[in-house]
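The values are calculated or read from the model by the stated rules, or taken from the named source; none is laboratory data. For clarity, every value in this text was computed on a predicted model and none was experimentally measured. Using ideal geometry, Cβ is built from the backbone for each residue, glycine included, and neighbour counts are taken over all protein chains shown. With ligands, DNA and RNA removed, areas are computed over all heavy atoms of the protein, side chains included. Shrake-Rupley method; radii C 1.70, N 1.55, O 1.52, S 1.80 Å.
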Amino acid sequence: MSSLGEARHELHRIAVHVVARTRIEATGRLSLRVTPGGFGTPELGSDGRRVRVSGGHLVVESDAEGAASMRSTAIHGASLAQLAAFADVDLTETIDVGHDTPPLGDVDARIALDGAAAAEVAGWFADTAAVLDTVVASLSPLAAPTLPRLWPEHFDVAIEAQATAERRVNLGGSPGDGSSDEPYLYVGPWTADRPGDPDFWNAPYGAMRTRSQLAADPAGIVAAGAAFLLDGYQRLR
């Protein structure tokens, strides 16, 4: 496994079993957000508490009136049990965020996290969020797009949009997975329809473009990525 793949594996595990777990325990909901330097929860309550990963650190912060605080701990060298204790979550409670839920594993084993690879994952999430902002700004209100959410099961960032009354579609990006070690953007129709040029639809779930393919476009990753997602969306119209 590449250093990016190893970092992605560890961060996915932390995203589910520490970060998402804090939101599940507080609200019963599990989706996360792209946050500075990585990913994390929305505010979890009236005290403004958030738990997030920034680069190679786990951050717990609060905007409680008169008691605002922020503290962090390094992920590299820590165990999952130590990170859970830092975030004040209970690893003994079983959670399931879907069929791609990573195993809990040895909660006392020390985590090895390459800082550069962790920054690469965070950078791709930031690029994906910028792409989705551009896409949403270009969609008709009738598309009724959702806010971008990071889904801990798949460890990807996506929106949903309505293409037609019968066709809804996911538009998003992944830092890589079992099908691609390279980060990619994707168009995932909810139906089996694949209108237009069949060469566009190059993945079992719809269409994808890798980071290197997007980076080769002179327009840059964000502009090229937005154009790709909008192209896929328009094909479904």
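Points to keep in mind about this one:
- When a 1.4 Å probe is rolled over the protein heavy atoms, the share of accessible surface on the chain that falls to carbon and sulfur comes to 52 percent.
- Shape of segment 103-156, Cα gyration tensor, a/c cut at 1.5: oblate
- Shape of segment 19-64, Cα gyration tensor, a/c cut at 1.5: oblate
- Largest GNM mean-square fluctuation among S31, S46, S54, using the chain with Cα springs under 10 Å: S46.
- Computed from label points 7 Å out along Cα-Cβ, the spacing between A144 and D231 is 2.9 nm.
- Inter-part distance where segment 88-103 and segment 131-209 are each reduced to a Cα centre, Å: 26 Å
- Nearest-0.05 FRET efficiency for S79 and A26, computed from C-beta distance (R0 25 Å): 0.65
- For segment 197-237, the average shadow cast by the Cα convex hull is 3.0 nm², which is a quarter of the hull's surface.
- Extension gain, A215 back to D177 (0.36 nm per residue minus Cα-Cα distance, nm): 11.8 nm
- Gained length - A68 relative to T164, 0.36 nm times residue gap less alpha-carbon distance: 30.0 nm
- Rounded to two decimals, the Cα-based Rg/Rh of the chain, with Kirkwood Rh, is 0.99.
- Modelled FRET efficiency - R0 41 Å, D197 with L104, Cβ distances, 0.05 increments: 0.40
- Label point distance in nm, D90-E6, each placed 7 Å from Cα along Cα→Cβ: 3.5 nm
- Under 5 Å, built H, 5+ apart or other chain: amide partners of H57: I75
- A straight chain from E43 to A112 at 0.36 nm per residue would run longer than the Cα-Cα distance by 22.0 nm.
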